[in-house]
Every structure is written in C-alpha cells, then in structure tokens.
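Below is one structure, written out as structure tokens, with a few remarks after it.
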C-alpha cells in the first residue's frame, strides 16, 4: 500500500513530537486535498482534542475527541496501516476521563498511534530523519510560515491541475 506523505508527517508529529498543532496543519491539508474524508477528519480531530486538553481546555478537548470517535466509528480496526481500533479505545478512555464528573481529577497524557504496516513503519522512520521538530511547539492556535508555504504549494498544484 502507498501512503500519502502528509499522513506520514502527521504520524511523525503525533508519535515523535506530540506536536498536535502541527498534526492538525499537515492533516488538514491532506483532508482538503482528498475531498474531506471523514477518516482524515477524525484523525485530525484526535490531534485537536489532545491540543485542547493539554492547554487546559478540557471541555473543548472532550467535545473534539467525541466528534473524532463518531467520525472514526465506521472504519475497520486496522485502517491506513495503523491500529485504528486501539486509537478509538484510547480516545474513548480519554473522553470518559474528561466527563464533567472527573474533570477536576484529570491529568493530561499523550496518546500514541500504533503503526502496524512494516512499510509505513519504514516511511515514518525515514520521515523522522527529514522532518525537524518544531521547537518550541506552538501552544496557541496561530498559523505560521509553514502553513503559508503549504497553502502556496496547494494553490500552485491546483492551478497546474486546472491549467
């Protein structure tokens, strides 16, 4: 199976860097390119939910993670070379902890997406060497130069396809 480079980058930012804002940036681009796939939207929302939870917006994090679960529900346990079933179970546990009754006791923690396909493992490892971590990570939702560059490339690609 072949994998989109932006999906591979998403996995690098998610698992290696825990940079959920950058996860959102790269997967949003793929989501737009791929016609608003609910699968990509759900994966994007997991990252956004964790971004909110880490910043202390527990209600926003819970709502985003719940929405992600609804979007990811129809897909098989093993999808896109990852253990989507495990990610859903981990996300469900997160949502349970973020319910109104337990917010005071909540302690933030990261999730990991288990990569199953050996080819995808290889691609993620290769990409890890080529993708520099964003240090310091952005903790507020602001668009940076990387986003502007990606938007320019996307617009150029669309112009070439139309022309």
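Could you tell me the ratio Rg/Rh of the chain? Both radii from Cα atoms, Rh via Kirkwood. Present the calculation step by step, with values, prior to reporting the outcome.
Working: Rg = 15.9 Å, Rh = 16.4 Å.
With Rh from the inverse mean 1/r over Cα pairs, Rg/Rh is 0.97.
Please state, rounded to one decimal and in Å, the Kirkwood hydrodynamic radius that the stretch 51-135 gives when every pair of distinct Cα atoms enters the mean of 1/r. Numbers along the way, then the final one.
On the way: mean 1/r = 0.0690 Å⁻¹.
Computed over Cα pairs of the stretch 51-135, the Kirkwood hydrodynamic radius comes out at 14.5 Å.
Rounded if a/c is under 1.5, else prolate if a/b is larger than b/c, else oblate: which is the stretch 1-81, with a ≥ b ≥ c the root eigenvalues of its Cα gyration tensor?
On the way: a/c = 1.81, a/b = 1.30, b/c = 1.39.
Oblate is the answer for the stretch 1-81, as a/c is 1.5 or above yet b/c matches or exceeds a/b.
Can you compute the label reach from residue 75? Point 7 Å from Cα along the Cβ direction, backbone N cut-off under 14 Å, restricted to the stretch 112-133.
113-117
Suppose each label sits 7 Å from its Cα in the direction of the beta carbon; what would the residue 105-residue 151 distance come out to in nanometres?
4.4
Sorted by packing (mean other beta-carbon atoms within 10 Å per residue), highest first, where do 109-116, 61-68 land? Intermediate values should be presented prior to the final figure.
Numbers: 109-116: 15.8, 61-68: 20.4.
Ranked from most to least packed, the peptides come out as 61-68, 109-116.
Could you order peptides 149-160, 8-19 by the average number of other Cβ atoms within 10 Å of their residues, highest first? Walk me through the numbers before you get to the answer.
Working: 149-160: 11.1, 8-19: 21.2.
Packing proxy ranking, top to bottom: 8-19, 149-160.
Rule-based calculations on the coordinates, nothing more; no lab input. Here the structure is a predicted model, which is why all the values come from computation and not from measurement. Neighbour counts are summed over all protein chains in view; Cβ atoms, including those assigned to glycine, are modelled from backbone coordinates with ideal geometry.
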